[in-house]
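A.B. asks: Please see the structure below; I have some questions.
The values are calculated or read from the model by the stated rules, or taken from the named source; none is laboratory data. Remember, predicted model here, so these are calculated numbers, not experimental data. Cβ placement follows ideal geometry from the backbone for every residue including glycine, while neighbour counts extend to all protein chains displayed. What goes into the accessible areas is simple: the full protein's heavy atoms, side chains included, and nothing from ligands, DNA or RNA. Shrake-Rupley method; radii C 1.70, N 1.55, O 1.52, S 1.80 Å.
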Amino acid sequence: MEIWGTQVGVAQEALARAGVRASEVAAIGIANQRETVVVWDRRTGEPVHNAIVWQDRRTADMCAEMRARGLDKLFQAKTGLVLDPYFSGTKLRWILDHVPGARALAARGELAFGTVDSWLLYKLTGGEVHATDVTNASRTLLFDIHTGQWDDELLDLLDVPRAVLPGVRGSSEVYGETAEGLFGARVKVAGVAGDQQAALFGQACHGPGMAKNTYGTGCFMLLHTGKRAVRSEADLLTTAACSLGSSPRYALEGSVFVAGAVVQWLRDGLGVIRESSEVEALAASVDDNGGVYMVPAFVGLGAPHWDSYARGSVHGLTRGSTKAHLARAALESVAFQSADVLAAMERDAGLRLHELRVDGGAATNDLLMQFQADILGVPVVRPQVTETTALGAAYLAGLAIGFWRDEAEIAGQWKEDRRFEPAMSADQRESMMAKWHRAVDRSREWETS
């Protein structure tokens, strides 16, 4: 018996590549990017517009206008989110406003909105199920995380008809079965979660005070706060954690927009490296950053700054600066941004983290992980399985059908691969963070619109 967690939704191809028969799969769990928006025709199942991804900033002015009206406090109080184009609610409104006829169709209930989980679930079940889980709903600017319901006042403000919304369910339950003929056997879809909440679950961070950081295109740190929805004073996000049953769970989250993407820029934009895997050796060829600091605000700055108009910059260049220093500054920028997020989390939650669990593609970069431990001043722990997003989705699905008994059994499967202990002095850490913050200040509000 196997439990499958799919992150990209190509479940059929994944099964074939792995040589697994559908009859051997007991359940499928879905983990997805939480802020990407899809709107489709319920009758045909066809999208009415291209999906709008999380990095898209086309609704920045819409958010700025609502903030000018003082609505940001209302949105934060109900949703736990800041009023930013990162989230899916303003993207949905943009589609309804700009696709001819879409608003009228939506009002009549002929269109369906969803983040990618809803789209995959709809497709996997042959159109039978239009639903989402609390973790994905909590990222829309439309969902009250305290009541666990879509909020009429927020729907009104964003001019979104309720008829377009999916039903909201728990993260670990049987949503339905795959459509007849899709895999050769009907398979239960039994777990749904946003990617970062799935990774939190896959890292066995099941209780208050445990935290993980995922290093992908962006960087996403979550701190589990249990049944307490911590209101952030530092503009972090209060978000739903994976729910098992009716009891809500919460987390604090900080989102870094550009992490692994800065390495892609070195490769594709500057030609500094030919392959992303080369960046670690290049950065390690120099002893330090040579005074070079890079702020990769290519799409603005995320938590805790939330500046849509910031832009990328490089500071401290001299005639002695080389491409190796640039590569090192790029990697260090990922750790600096994560350090800002963790510091804000600790202030908000009133605790000091004892270790940070890490995952994602860039977590295999030893130089980055060691610098992350140094600049945080706490151990950074990498598990044997770093694809914890898909693992978390599989755990959720397995729990729903009784393949695993409980969270304790799942936590027992977590295994450490390597622990990176901090080795930097406190004075050096403070000096580097001070220069980083000077660089961030010079990057802010570069654009005006």
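A.B. asks: What does region 248-345 give for Rg and for Dmax, in Å, if only its C-alpha atoms count?
C.D. replies: 14.4, 56
A.B. asks: Using a probe radius of 1.4 Å on heavy atoms only, what accessible surface per residue do you get for the chain? Whole Å² is fine.
C.D. replies: Result: 39 Å² per residue.
A.B. asks: Another one. How large is the convex hull of the C-alpha atoms of region 47-174 per residue, in Å³?
C.D. replies: 105
A.B. asks: For region 190-327, state the semi-axes of the equivalent ellipsoid (square roots of 5 times the eigenvalues of the alpha-carbon gyration tensor), sorted largest first and rounded to whole angstrom.
C.D. replies: With the √(5λ) rule applied to region 190-327, the semi-axes are 35, 17, 13 Å.
A.B. asks: How much solvent-accessible surface does Arg249 expose, in Å² to the nearest 10, with a 1.4 Å probe and all protein chains in place?
C.D. replies: Arg249 has an accessible surface of roughly 50 Å² with all protein chains in place.
A.B. asks: So how much slack lies between Glu346 and Ser276, counting 0.36 nm per residue of separation and subtracting their Cα-Cα distance, in nm?
C.D. replies: This chain segment gains 22.0 nm when fully extended.
A.B. asks: What is the distance, in nm, between label points placed 7 Å from the Cα along the Cα-to-Cβ direction at Glu46 and at Glu387?
C.D. replies: About 3.3 nm, to one decimal.
A.B. asks: Once each part is reduced to its C-alpha centroid, what is the distance from region 142-180 to region 224-261 in angstrom?
C.D. replies: Result: 18 Å between the Cα centres.
A.B. asks: Note the full-extension length gain between Phe298 and Gln413 as 0.36 nm times their separation in residues minus their Cα-Cα distance, in nm to one decimal.
C.D. replies: Full-extension gain reported as 37.6 nm.
A.B. asks: How much mean residue ellipticity at 222 nm does the chain get from its helices, if each DSSP H run of length 4 or more adds -39500 (n - 2.57) and you divide by all residues, to the nearest 500 deg cm²/dmol?
C.D. replies: Estimated from H runs of four or more residues: -10000 deg cm²/dmol.
A.B. asks: Which order do the peptides 340-346, 217-223 take when ranked by the mean count of other beta-carbon atoms within 10 Å per residue, highest first?
C.D. replies: 217-223, 340-346
A.B. asks: Taking the alpha-carbon centroid of each part, what is the distance from region 68-115 to region 353-424 in angstrom?
C.D. replies: Using only Cα atoms to place each centre, the spacing works out to 34 Å.
A.B. asks: Among 242-248, 127-133, 268-274, how do they line up from the highest to the lowest mean number of other beta-carbon atoms within 10 Å?
C.D. replies: Result, highest mean Cβ count within 10 Å first: 127-133, 242-248, 268-274.
A.B. asks: Something else about it: At 1.4 Å probe size, with no ligands or nucleic acids counted, give the accessible surface of Leu74 in Å², nearest ten.
C.D. replies: 50
A.B. asks: Given H placed on each backbone N at 1.01 Å, which residues far from Ile273 in sequence or on other chains put an amide H within less than 5 Å of it?
C.D. replies: Arg267
A.B. asks: Percent of accessible area on the chain owned by carbon and sulfur, 1.4 Å probe?
C.D. replies: It is 48 percent, rounded to a whole number.
A.B. asks: So what is the relative contact order for the chain, in percent, with contacts set as C-alpha pairs under 8 Å and at least six apart?
C.D. replies: Averaging sequence separation for qualifying contacts and normalising by length gives 17 percent for the chain.
A.B. asks: While we're looking at this one, here's another question. Using a basic spin-label model with each label point 7 Å from the Cα along Cα→Cβ, how many nm lie between Arg444 and Met424?
C.D. replies: 2.1
A.B. asks: Taking the C-alpha atoms of region 325-398, how large are the radius of gyration and the largest Cα-Cα span, Dmax, in Å?
C.D. replies: 13.9, 46
A.B. asks: Now a separate question. I need the calculated FRET efficiency for the pair Arg69 and His98, taking r as the beta carbon distance and R₀ as 35 Å, to the nearest 0.05.
C.D. replies: Given R0 = 35 Å and the Cβ-Cβ separation, E is 0.95.
A.B. asks: Continuing with this model, one more query. Per 0.36 nm of contour for each residue apart, how much would the distance between Ala179 and Ser246 grow if the chain were fully extended, relative to their Cα-Cα spacing?
C.D. replies: Extra length from Ala179 to Ser246 when fully extended: 21.3 nm.
A.B. asks: Okay, moving on. Taking the Cα atoms of region 320-362 alone, what are Rg (to one decimal) and Dmax (as a whole number) in Å?
C.D. replies: According to the Cα coordinates of region 320-362, Rg and Dmax are 14.1, 43 Å.
A.B. asks: Compute the whole-percent fraction of alpha carbon pairs in the chain spaced more than 27 Å apart.
C.D. replies: Tail fraction, whole percent: 53.
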